[in-house]
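Undergrad: The following block contains the structure, expressed as structure tokens.
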Amino acid sequence: MFDRLLGGKVMSFKEKGLLVVLSGPSGVGKGTVCRTLRERGTQLNYSISATTRKPREGEIDGVHYFFKTREQFQKMIEQEKLLEWAEYVGNCYGTPVDYVHKMIESGQDVILEIEVQGALQVKKKFPEALFIFLAPPNLDELKVESSAAEPKQPN
């Protein structure tokens, strides 16, 4: 019955995974939402980003990030191998298209936790994704959350 009502789209959801894009301004709570989803044992797979920054102690390539040289990252941009990308504090970060497509094609749901500009890039390349925008109750609340998230400078 639902198959008929939805024009056969029920089967495609069963065969393929769903891309969920969680976005919002910095400090709005995207990380908190993702941590809560993990703690509750959801079946969402968290996308692994590519980055040009050096691995930190204990980080494993292909587990925490896909570590790339600047040249490799630039080539990924030129070959349109990234759903979205941005530069932050001198390092580049992006979502590899092939990784996301592989997960979705195998029937796994994937969540991206990204800033608004990145979500707009994904929307152009992957319009069928589910986009969730988190907004603060008001701008004052966002300022409080953002300042709480900022690292403290030593005296």
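The values are calculated or read from the model by the stated rules, or taken from the named source; none is laboratory data. Source: prediction; values computed, not measured. Ideal geometry is used to build each Cβ from the backbone, glycine not excepted, and the neighbour counts take in all protein chains shown.
Undergrad: Does at least one position in segment 91-102 carry a residue that is without any contact (Cβ under 8 Å) to a residue 24 or more places away in the chain and among the charged types (D, E, K, R)?
TA: Pass one, segment 91-102, residues without any contact (Cβ under 8 Å) to a residue 24 or more places away in the chain: 98, 101-102.
Cutting the leftovers down to among the charged types (D, E, K, R) gives us 98, 102.
Within segment 91-102, one or more residues are without any contact (Cβ under 8 Å) to a residue 24 or more places away in the chain and among the charged types (D, E, K, R).
Undergrad: Residue by residue through segment 33-55, note down the ones that are closer than 19 Å to GLY17 by Cα and either in contact (Cβ under 8 Å) with a residue 12 or more places away in the chain or in contact with a helix residue (DSSP H, G or I) (Cβ under 7 Å, 6 or more places away or on another chain) (or both). Reasoning before the result, please.
TA: Kept after step one, since they are closer than 19 Å to GLY17 by Cα, are these residues of segment 33-55: 34, 37-38, 41-49.
Result: CYS34, LEU37, GLN43, LEU44, ASN45, TYR46, SER47, ILE48, SER49.
Undergrad: Tell me yes or no: at least one residue of segment 75-89 is under 25 Å from GLU15 (Cβ atoms) and not in a helix (DSSP H, G or I).
TA: yes
Undergrad: Which residues, taken from segment 53-69, are loosely packed, with under 12 Cβ neighbours inside 10 Å and at negative phi? Explain how you work it out, then say what you get.
TA: So the first thing to find is which residues in segment 53-69 are loosely packed, with under 12 Cβ neighbours inside 10 Å, and the list is 54, 56-58, 60-63, 69.
Answer for segment 53-69, where residues must be loosely packed, with under 12 Cβ neighbours inside 10 Å and at negative phi: LYS54, ARG56, GLU57, ILE60, ASP61, VAL63, THR69.
Undergrad: Here's another thing I want to ask about it. Just to verify a result, which residue in segment 13-31, among those that are in a helix (DSSP H, G or I) and under 14 Å from the mean Cα position of the chain (by Cα), is surrounded by the fewest Cβ atoms within 10 Å (Cβ to Cβ)?
TA: Going through segment 13-31, the residues in a helix (DSSP H, G or I) turn out to be 13-15, 30-31.
Right, trim to under 14 Å from the mean Cα position of the chain (by Cα) and you get 30-31.
Details: LYS30: 20, GLY31: 12.
Among residues in segment 13-31 that are in a helix (DSSP H, G or I) and under 14 Å from the mean Cα position of the chain (by Cα), the one surrounded by the fewest Cβ atoms within 10 Å (Cβ to Cβ) is GLY31.
Undergrad: For ARG53, are the conditions met, namely being in contact with a strand residue (DSSP E or B) (Cβ under 6 Å, 6 or more places away or on another chain), closer than 21 Å to TYR99 by Cα and of a type outside the set (A, V, I, L, M, F, W, C)?
TA: Details: in contact with a strand residue (DSSP E or B) (Cβ under 6 Å, 6 or more places away or on another chain): yes; closer than 21 Å to TYR99 by Cα: yes; of a type outside the set (A, V, I, L, M, F, W, C): yes.
So ARG53 fits the description; yes.
Undergrad: Is it fair to say THR69 is within 24 Å of PRO25 (Cβ to Cβ), at pLDDT 95 or above and among the hydroxyl-bearing types (Ser, Thr, Tyr)? Steps first, please.
TA: On the way: within 24 Å of PRO25 (Cβ to Cβ): no; at pLDDT 95 or above: yes; among the hydroxyl-bearing types (Ser, Thr, Tyr): yes.
It is false that THR69 is within 24 Å of PRO25 (Cβ to Cβ), at pLDDT 95 or above and among the hydroxyl-bearing types (Ser, Thr, Tyr).
Undergrad: Continuing with the same structure: Test ILE48 against the stated conditions and say whether it is assigned to a loop (DSSP other than H, G, I, E, B) and either small (Gly, Ala, Ser) or touching a strand residue (DSSP E or B) at 6+ places or on another chain (Cβ under 7 Å) (or both). Lay out the reasoning, then the answer.
TA: Numbers: assigned to a loop (DSSP other than H, G, I, E, B): yes; either small (Gly, Ala, Ser) or touching a strand residue (DSSP E or B) at 6+ places or on another chain (Cβ under 7 Å) (or both): yes.
In short, yes.
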